[in-house]
1. Being modelled with pLDDT of 80 or more, closer than 14 Å to Ile39 by Cβ and not hydrophobic (A, V, I, L, M, F, W, C) is the filter here, so list the residues in the range 113-145 that pass it.
2. Among (1) surrounded by 17 or more Cβ atoms within 10 Å (Cβ to Cβ); (2) modelled with pLDDT under 80, where does Trp110 come up short?
3. Within the range 26-59, which residues are surrounded by 17 or more Cβ atoms within 10 Å (Cβ to Cβ), under 23 Å from Gln87 (Cβ atoms) and of a type in the set (Gly, Ala, Ser)?
Amino acid sequence: MRLSTRQAFVILASASLGLVAAGYFLGEWARLQPCYLCIFQRLLYLLLAGLALCGVLLPRWRTLWCVLIGLTAIGGVLTAAEQSWMQYAPERVVECGFSDPTLLERIVDWFGVQWPAMFMVTGFCTNKDWTFLGFSLANWSVIFFLVLLCAAARLGCQRKDDKCPLFR
């Protein structure tokens, strides 16, 4: 099945929004308390969805959108990996929010004031309250960001006249 560039961007946007929705509803269902890094990852998934929607609207700029999606996904991998490390070795790290606020914490706090139900920080980054198949949400987020990065790289590297063979 070959997809057009627009269809591929729709899938990227839908996947990103689906991950945000799944994280939100899982958090509500399991009564998980999101931390600064959790919320920042949520913002990165929303940014990925927005960039993918730009790709839907302006598919001729495919390479630009794929590069921006890739850079955002790399930021997500690094953020989720940092949180995974914090959960793996909590005694070796300083918890978020206990010193002068970083830029990341200020951004998350601002969004928390704008939409508290979605972006309010109530937990700690070192907490690993939920696991599935032995992986925490942060571990799963690393995997999902890597998948989105690979999909964007694949889409960005195709020839202009080709349809996207994202799912062969």
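The values are calculated or read from the model by the stated rules, or taken from the named source; none is laboratory data. All of these numbers come straight from a predicted model, not from anything done at the bench. Reconstructed Cβ throughout: ideal geometry from the backbone, glycine too, with neighbour counts over all protein chains shown.
1. Of everything in the range 113-145, those that are modelled with pLDDT of 80 or more, closer than 14 Å to Ile39 by Cβ and not hydrophobic (A, V, I, L, M, F, W, C) turn out to be Gln114, Pro116, Ser141.
2. Among (1) surrounded by 17 or more Cβ atoms within 10 Å (Cβ to Cβ); (2) modelled with pLDDT under 80, the lone unmet condition for Trp110 is (1).
3. Within the range 26-59, just Gly27 meets the criteria.
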